[in-house]
1. Return yes when Leu158 is closer than 15 Å to Arg2 by Cβ, more than 16 Å from the ligand (Cβ to nearest atom) and either without any contact (Cβ under 8 Å) to a residue 40 or more places away in the chain or touching a Gly at 6+ places or on another chain (Cβ under 6 Å) (or both) and no when it is not.
2. Do we find that Thr176 is within 15 Å of the ligand (Cβ to nearest atom) and over 16 Å from Arg2 (Cβ atoms) in this structure?
3. Kindly establish whether Glu97 is touching a residue at least 40 places away in the same chain (Cβ under 8 Å), of a type outside the set (A, V, I, L, M, F, W, C) and surrounded by fewer than 23 Cβ atoms within 10 Å (Cβ to Cβ).
4. Can you tell me which residues in the stretch 130-155 are aliphatic (A, V, I, L, M), more than 16 Å from the ligand (Cβ to nearest atom) and touching a residue at least 40 places away in the same chain (Cβ under 8 Å)?
5. Quick one: how many residues across the stretch 87-109 are assigned to a helix (DSSP H, G or I), within 15 Å of the ligand (Cβ to nearest atom) and over 14 Å from Glu77 (Cα atoms)?
6. Return only the number of the condition from (1) modelled with pLDDT of 95 or more; (2) away from the ligand (no atom under 15 Å from the Cβ) that Tyr205 does not satisfy.
7. Check Met1, Met82 and return the single one that is modelled with pLDDT under 95 and farther than 20 Å from Phe238 by Cβ.
8. Would you tally the residues in the stretch 1-49 being away from the ligand (no atom under 16 Å from the Cβ) and either part of a loop (DSSP other than H, G, I, E, B) or among the polar types (S, T, N, Q) (or both)?
Amino acid sequence: MRGRLVVGNWKMNGDTASNARLLDAIARGWQAAADRGLAVCVPFPYLAQARERLAGSAVAWGAQDVSEHPSGAHTGEVSAAMVAEFGSRYAIVGHSERRQAHGESDALVAAKAAAALAADLVPVVCVGETLAEREAGATSAVVTRQIDAVIAALGPALARCVVAYEPVWAIGTGRTATPEQAQEVHALLRRRLAAAGAGSIALLYGGSVKAANAASLFGMPDVDGGLVGGASLDADEFLAIGAA
Ligand code: PGA
């Protein structure tokens, strides 16, 4: 359902000592609110620590990926049920770093979203175009192809997802999409999702979101919040984005 949601994506950062400081500061600084959610997606080994430090707070937690398989001979993989067992609410799937560096296809991302849903996790499904695709005028075609794969695979369960639009050229570059650029793609995604009966899911923007630009991005009609990488590693900055 729509409502402000800000999800931190720690990526491959942290250690037990620094996580404890960050998690405690976020838990302390965040007040429960019916129309605002805050969550952190941590590396797998720290799910137990996230549960320990965030339990009883209004901050949710989750993972950054799940296997498309439920169990079995998949060395190195982590199932959605394992992630759920640690009290997780969310699992990011289809992040561009996985699509690009691990060759994840649209079909695989859709299968991972389905696996997350089957374990009662909320998949945060990432879509977004590269700089070359944007410059070639292919942004709409790329995000449509990416979201349509998920729509086709999930059916009515689509309504239990969160979708994040993350233009690849804006991730970790300090080059944020303008609010208008974000809104244009979010409106397209919203139309596509609405046609599939899921027009009211949360649509997050990701790519160099900071406290200084969050309010203008989140103020756009179809932007419901953010998926935040670098800025989620600083408690004050992350809390300010959550409150934007
Ligand atoms: P960034 O990363 O906020 O550091 O640009 C966002 C993401 O990759 O989810």
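The values are calculated or read from the model by the stated rules, or taken from the named source; none is laboratory data. None of the values given here were measured: they were computed from a predicted structure. Reconstructed Cβ throughout: ideal geometry from the backbone, glycine too, with neighbour counts over all protein chains shown.
1. Spelling it out, it is not the case that Leu158 is closer than 15 Å to Arg2 by Cβ, more than 16 Å from the ligand (Cβ to nearest atom) and either without any contact (Cβ under 8 Å) to a residue 40 or more places away in the chain or touching a Gly at 6+ places or on another chain (Cβ under 6 Å) (or both).
2. yes
3. Here the answer is yes, as Glu97 does meet what is asked.
4. Across the stretch 130-155, the qualifying residues are Ile147, Ala149, Val150, Ile151, Ala152, Ala153, Leu154.
5. The total comes to 6.
6. Going through the list (1) modelled with pLDDT of 95 or more; (2) away from the ligand (no atom under 15 Å from the Cβ), Tyr205 breaks only (2).
7. The unique qualifying residue is Met1.
8. Count: 13.
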